[in-house]
Amino acid sequence: MLTPNLSRRAVLAGTAAAALTAVPALQASAQAVPAAPAYRWRNAVIGGTGFITGVLFHPSVRGLAYARTDIGGAYRWEDRTARWTPLLDHLGWDDWNLLGVEAMAVDPAHPARLYLAVGTYAQSWASNGAVLRSDDRGATWSRTDLGVKLGANEDGRGTGERLLVDPRNSDTLWLGTRHDGLLKSADRGATWAPADGFPPAPSASGQGVTLLVAAGRAVYAGWGDADGTAANLYRTVDGTTWEAVPGRPSGTAAKVPIRAAYDRTGRHLYLTYADAPGPNGQSGGSVHRLCTLDGRWTEVTPVAPGGDDTFGYGGVAVDARRPGTVVVSTNNRWAAVDTVFRSTDGGRTWTSLKDSAVLDVSETPYLKWGADAPKFGWWIQALALDPYDSRHLVFGTGATLYGTRDLKHWAPQIRGLEEASVVQLVSPPVGEAHLLSGSRDIGVMYHDTLTASPSRGMATNPVFGSATGLAQAARKPAYVVRTGWGDHGNGAYSDDGGRTWAPFAGAPDLAKNAPGPIATNADGTALLWVFVHWDGTRHPAYRSADNGSTWTEIPSFPKGATPVADPADPTLFYAYDTDTGTLLASTDSGRTFTARATGLPSGDSQFKVVAAPGRSGDLWLSAKWNGLYRSTDGGASFTKIDSCWASYALGFGKAADGADYPAIYQVGSTEAITAVHRSDDAGRSWVRINDDRHQWGWIGETITGDPRVYGRVYLATNGRGIQYGEPA
């Protein structure tokens with residue numbers, strides 16, 4: 001998954017003040033936030049939806065496995081419940097970068113021990129990585145912050161585990177990094193230092209160590225920066241001295257070692273190679289077997305890439321119960337579609353499991369992606385065989401984890417694992433669905449229930465890979481519009497609340513490469529569509545008054561701003577110019593915009609204006625670290641809300657019994673911690689409704705309450721799907 005360039009920013013003194021009215025600021029205590037009645041938090045079920053980069057069955061415990069994801073944390077699987085349990089939801093706002101899991105390791109001699117190397121990005125704006133260690137299978141953690149960065153959501157995130165418990169000593173751990181060489185810990189991960197004697201020189205770019213694997217008492221390390229002359233596989237037999245493994249296979253000199261698996265009975269190490277780290281960009285690859293007894297290499301590639309059938313090799317796993325049985329996966333094979341090959345004779349002959357596969361995605365219908373049948377897989381780099389069940393095989397894709405118990409029938413093995421990066425939430429006031437959602441990788445969903453994956457799958461006609469806009473007409477809730485990145489048009493409308501869709505009959509040329517947010521006025525007679533290129537370039541907005549058939553540029557609309565419709569008056573739209581800190585308004589259904597309040601916070605494109613439901617001109621400005629502001633005169637003036645000093649996302653839900661204003665839900669800060677809050681008195685006071693166990697990293701995209709159920713709130717996360725909370 002891709003995720004925005006986010007960084008925790010210090011609170012700045014002397015920020016621009018808002019244009020305030022003579023009405024004094026709403027006052028509220030800035031002391032400790034009152035405790036709310038306990039909330040129960042659950043996922044609105046979609047099922048998977050993100051890139052599963054690694055799966056690890058525990059070699060010593062039947063039915064226990066772990067999974068890692070690129071931005072959504074780690075999970076524990078237990079057969080007795082047939083569910084995944086999230087392990088990192090406790091990571092809060094300041095630690096959002098740690099929700100990407102670069103690598104994981106278990107200790108065969110101590111079954112309750114689990115180690116995670118976490119860090120999503122290695123860019124300058126991201127925090128350093130960390131190692132988390134647990135003695136209770138991930139229920140609780142100790143943490144060591146590293147002096148280096150990790151890259152769980154960067155190229156190469158699907159390569160082998162870069163973290164390993166030394167086979168000779170459970171207190172010794174190895175950690176391969178991308179840009180800082182090989183690290184070693186002698187105290188179970190509490191402290192780390194560079195591993196002496198590891199030959200390759202660290203580089204500020206590239207892949208560094210791509211895999212670590214134990215083969216008997218030896219440790220092997222793959223190196224992803226080989227230039228065709230240097231070695232790309234190293235080993236140590238004593239934990240101190242390292243050497244290049246001799247006899248490098250022909251054709252792998254400049255390739256990346258992707259993954260490795262050791263068959264301890266035959267003393268064979270199987271390795272997959274590709275010409276790029278993946279998951280994208282691979283066009284060549286191979287599979288090789290190394291006999292660790294005599295150093296002899298044998299190529300065992302199932303099918304050689306070539307011609308129009310280009311791909312690399314990704315996952316590899318061996319059967320602990322059947323010597324010579326091995327499985328490997330192709331990766332980035334778009335022409336013939338990726339597959340898993342299986343051999344029972346050490347790689348001499350292979351069978352493609354895709355050819356006989358029967359796929360059942362009834363539990364997660366979105367996996368059909370608008371087609372008649374789902375794909376067997378793509379981005380297959382995570383591949384694992386159950387050491388206690390030779391027919392239990394799983395592999396990860398860019399959206400799910402497929403599993404089989406008979407090597408023929410496959411279904412998502414995904415319950416409890418939710419990894420969507422969610423950007424849009426709408427809770428309709430009427431109708432079957434209480435929730436519509438839009439995500440970066442799986443488009444728009446109509447949630448006919450919250451406890452099962454949407455029965456209609458992702459919105460089709462057309463299919464969007466990533467949603468950029470979702471809006472509902474406040475006075476005509478059956479009318480919904482959506483925009484996003486797709487192959488067959490980038491805008492659509494619905495007349496039945498989002499159950500079915502039809503594409504816009506027309507679209508500006510910008511829609512092909514820069515679809516952005518969209519808004520509809522209160523009665524659905526006018527649409528405003530904003531265009532923003534993926535690189536951040538902002539373009540003019542366009543208006544349609546004929547349901548998307550024709551579009552006219554709006555010269556007076558601030559480029560890149562998100563249009564906001566007045567929920568009561570169809571003639572009114574609003575827009576916030578973050579460059580100048582100006583609120584603009586339209587009184588002619590979006591044809592023209594003029595400035596109203598000026599001097600508001602500026603300089604960040606993620607400031608948000610939200611209109612209170614059922615009220616004309618009642619606007620709230622969520623201005624991140626600049627706080628929260630309210631206007632009751634259609635944006636002519638704003639009053640600062642003193643009850644919180646930072647506001648990142650704001651939404652409304654059904655009012656409390658006896659209250660005369662909708663419940664307000666906010667991701668923000670009323671004291672030191674950034675948390676989820678609710679106000680039942682128009683922002684005068686707040687109660688925190690999440691807790692330290694439920695934080696989900698970065699949650700500043702969007703939040704909304706349910707207009708029909710008091711206390712229910714829907715929260716978009718960047719990698720943990722849609723969380724919804726209700727009073728317990």
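Things worth noting here:
- Largest-first ellipsoid semi-axes for the stretch 628-728, taking √(5λ) over the Cα gyration tensor eigenvalues, angstrom: 21, 17, 13
- Ellipsoid equivalent to the stretch 204-324 - semi-axes via the Cα gyration tensor, in Å: 22, 18, 12
- Here T81 and D171 are evaluated by their C-beta separation; at R0 = 45 Å the FRET efficiency comes out at 0.90.
- What the Cα convex hull of the chain gives, in volume per residue, is 150 Å³.
- Local charge for A478 was computed over the other residues whose Cβ lies under 9 Å away, with Lys and Arg +1 and Asp and Glu -1, and equals -1.
- The stretch between R615 and D187, if pulled fully straight at 0.36 nm per residue, gains 148.0 nm over its current Cα-Cα span.
- Modelled label reach - T240, point 7 Å along Cα→Cβ, the stretch 157-177 residues with backbone N closer than 11 Å: none
- Relative to one another, the C-alpha centroids of the stretch 287-319 and the stretch 451-484 are positioned 43 Å apart.
- Amide H within-cut-off set for A492, under 5 Å, with H built and near neighbours excluded: R482, F504
- Local electrostatic count, D496, Cβ distance below 14 Å [Lys/Arg +1, Asp/Glu -1]: +1
- For the stretch 40-101, the Kirkwood estimate of hydrodynamic radius, built from reciprocal distances between every pair of different alpha carbons, is 12.7 Å.
- Which of G151, L621, S362, positive extreme of dipole for the chain (C-beta unit charges): S362
- Among residues other than F376 with Cβ under 13 Å from its Cβ, the summed charge is +2 (Lys and Arg +1, Asp and Glu -1).
- Lysines with Cα under 28 Å of K184, excluding same-chain neighbours fewer than 8 positions away: K149, K255
- When both bridge partners sit in the stretch 581-728, DSSP labels roughly 100% of those beta bridges antiparallel.
- Of the three principal axes defined by the Cα atoms of the stretch 326-374, the extents in descending order read 38, 22, 13 Å.
- Value of Rg to Rh for the stretch 282-436, rounded to two decimals, is 1.06; Kirkwood radius and Rg both from alpha-carbon coordinates.
- Here the spin labels are modelled as points 7 Å beyond Cα on the Cα-Cβ line, and at V687 and N513 they lie 5.2 nm apart.
- FRET efficiency for the D294 to D135 pair, using the beta carbon distance and R₀ = 45 Å, is estimated at 0.70.
- Amide H contacts under 5 Å for I641, placed H, 5+ residues apart: L628, Y629, R630
- Too-long pairs where the Cα-Cα distance tops 25 Å, listed order kept, from K375/K408; K368/K476; K476/K654: K368/K476
- Residue-wise HN-Hα coupling along the stretch 333-342, computed from phi with Karplus coefficients 6.51, -1.76, 1.60 (Hz; x: Gly, Pro): 9, 8, 6, 9, 6, 5, 9, 10, 9, 10
- For the chain, the Cβ-based charge dipole about the Cα centre amounts to some 960 debye (Lys, Arg positive; Asp, Glu negative; other atoms uncharged).
- Relative contact order for the stretch 592-677: 20 percent, from Cα pairs under 8 Å spaced at least 6 residues apart, divided by residue count.
- Residues in the stretch 574-587 carry Karplus couplings, in order, of 9, 8, 10, 8, 6, 5, 10, x, 10, 8, 10, 9, 10, 10 Hz; the curve used is 6.51 cos²θ - 1.76 cosθ + 1.60 with θ = phi - 60°, and Gly or Pro positions show x.
- In sequence order, calculated HN-Hα J values of the stretch 302-317 (Karplus, 6.51, -1.76, 1.60; Hz; x Gly/Pro): x, 9, 7, x, x, x, 7, 9, 9, 5, x, 10, x, x, 8, 8
- Calculated on the alpha-carbon coordinates, the convex hull of the stretch 320-402 measures out at 102 cubic angstrom per residue.
- Summary value for the stretch 310-363: 27 percent relative contact order, contacts being C-alpha pairs under 8 angstrom separated by 6+ residues.
- Taking amide H as placed 1.01 Å from N in the peptide plane, the amide H of E418 sits under 5 Å from that of G48, each at least 5 places away or on another chain.
- Rolling a 1.4 angstrom probe over the protein heavy atoms with all chains in place gives the chain an accessible area of 35 Å² per residue.
- If you look at the Cα atoms of the stretch 89-161, you get an Rg and a Dmax of 12.3, 39 Å.
- 20 Å tail of the calculated P(r), the stretch 491-640, as % of Cα pairs: 46
- Taking a ≥ b ≥ c as the square roots of the eigenvalues of the alpha-carbon gyration tensor, the stretch 581-674 is classed oblate because a/c is 1.5 or more while a/b is no larger than b/c.
- The figure for T702 is an accessible area of roughly 30 square angstrom, using a 1.4 Å probe on the protein chains alone.
- Across the chain, C-alpha contacts under 8 Å between residues 6 or more apart give a mean separation that, scaled by the residue count, equals a relative contact order of 13 percent.
The values are calculated or read from the model by the stated rules, or taken from the named source; none is laboratory data. Only a predicted model underlies this, so the values are computations on that prediction, with no experimental measurement involved. Don't worry about glycine lacking a Cβ; one is built from the backbone with ideal geometry, like all the others, and counts go over all protein chains shown. These area figures cover heavy atoms from the full protein model, side chains too; ligands, DNA and RNA do not enter into them. Shrake-Rupley method; radii C 1.70, N 1.55, O 1.52, S 1.80 Å.
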